[in-house]
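Q: There's a structure below that I have some questions on.
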Amino acid sequence: MKFFIDSANIEHIKEIASWGILSGVTTNPSLVAKEGKDFKQVVQQICELVNGPISAEVISTDVDSMIKEGKEVSTWHKNVVVKLPTIPNGLAACKALTSQNIKVNMTLCFSVNQALLCASVGATYVSPFVGRLDDINQDGMSLIRDLAQVFSIQKIKTEILSASIRHPAHVMDSAKAGAHVATIPYPIFKQMIQHPLTDKGLEKFLADWNEVMLKMPSHSK
Ligand code: G3P
């Protein structure tokens, strides 16, 4: 499973990219608005930081404007993936864009049927929102499991991009369920790498080393 960061914050993206684990980035209008900066500039800055698919979402909802906007954002950088909402007009726009070899990530997906429709219009990614299903007392992760099963049976090439991830267990469960990608908020990456036994173990290794080795006449670190 590939790791994307779900963020439009340049410092956060830079930090996680420096770990060497990032394969891409997803943004959405809420995340971009939170930064209060020019959309195009933010996307282009992100593209300089991460060499992988960078999702940039359109804000139009009628087909022609979605296509126009999608084409425009796709010119910003070769790695830009146009993000469209999973609505009827989104399907039509997806079909038009993918037929021109523009990659599309279909977002706000909450059911297997929605995902099948997205796949049938050539979406490169479909983004099921795990956390928001959990929010309404439905099991978000079972959607990822169902999609992995259905896409495998149907030999669908569209990648399952597990989104709306709220805690580290969502990441692990997405991997177990067969998601191709998980897009993860910055604080969750920090939680994923942290383990008290790692910290305690490292502290002890270094203390043991220093206790003996630093007392040797010709110690080397
Ligand atoms: O990738 C979608 C994500 O940004 C939505 O997350 O936590 O707002 O449901 P959330």
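The values are calculated or read from the model by the stated rules, or taken from the named source; none is laboratory data. It should be emphasised that the depicted structure is a prediction, and the values quoted were computed from it without experimental measurement. No Cβ is skipped: glycine too gets one built from the backbone with ideal geometry, and neighbour counts run over all protein chains shown. All accessible areas refer to the heavy atoms of the entire protein, side chains included, with ligands and DNA or RNA removed. Shrake-Rupley method; radii C 1.70, N 1.55, O 1.52, S 1.80 Å.
Q: Give the residues of the range 1-15 that are more than 15 Å from residue 43 (Cα to Cα) and in contact with a Ser or Thr (Cβ under 8 Å, 6 or more places away or on another chain), sorted by residue number.
A: Residues of the range 1-15 that are more than 15 Å from residue 43 (Cα to Cα), as a first pass: 1-3, 15.
Within the range 1-15, 1, 2, 3 qualify.
Q: Could you tell me which of the residues 56, 17, 33, 8 is among the small types (Gly, Ala, Ser) and under 16 Å from residue 103 (Cα atoms)? Give the steps one after another, and end with the answer.
A: Working: 17 fails: under 16 Å from residue 103 (Cα atoms); 33 fails: under 16 Å from residue 103 (Cα atoms); 8 fails: under 16 Å from residue 103 (Cα atoms).
Of 56, 17, 33, 8, the one residue that is among the small types (Gly, Ala, Ser) and under 16 Å from residue 103 (Cα atoms) is 56.
Q: Looking only at residues that are away from the ligand (no atom under 14 Å from the Cβ) and polar (S, T, N, Q) in the range 2-30, which one is surrounded by the fewest Cβ atoms within 10 Å (Cβ to Cβ)?
A: Result: 18.
Q: Another question about this same structure. Select from the range 36-53 the residues that are more than 17 Å from residue 84 (Cα to Cα) and not in a helix (DSSP H, G or I) and list them in ascending order. Spell out the reasoning first.
A: From the range 36-53, those more than 17 Å from residue 84 (Cα to Cα) are 36-38, 41-42, 44-52; that's our starting set.
Listed by number, the residues that qualify are 36, 37, 38, 50, 51, 52.
Q: Of all residues being open to solvent by 10 Å² or more (accessible area, probe 1.4 Å) and not polar (S, T, N, Q) in the range 142-151, which is nearest to the ligand (Cβ to nearest atom)? Just the residue, please.
A: Residues of the range 142-151 that are open to solvent by 10 Å² or more (accessible area, probe 1.4 Å), as a first pass: 142-143, 145-146, 148-150.
Then keep just the ones that are not polar (S, T, N, Q); that gives 143, 145-146, 148, 150.
Details: 143: 13, 145: 19, 146: 19, 148: 18, 150: 21 Å.
Here the residue is 143.
Q: Working carefully through the options 56, 33, find the one that is outside any helix (DSSP H, G or I), within 15 Å of the ligand (Cβ to nearest atom) and either under 19 Å from the mean Cα position of the chain (by Cα) or of a type in the set (Gly, Ala, Ser) (or both). It would help to see each step written out before you state the result.
A: Details: 33 fails: outside any helix (DSSP H, G or I).
After ruling out the rest, the residue left standing is 56.
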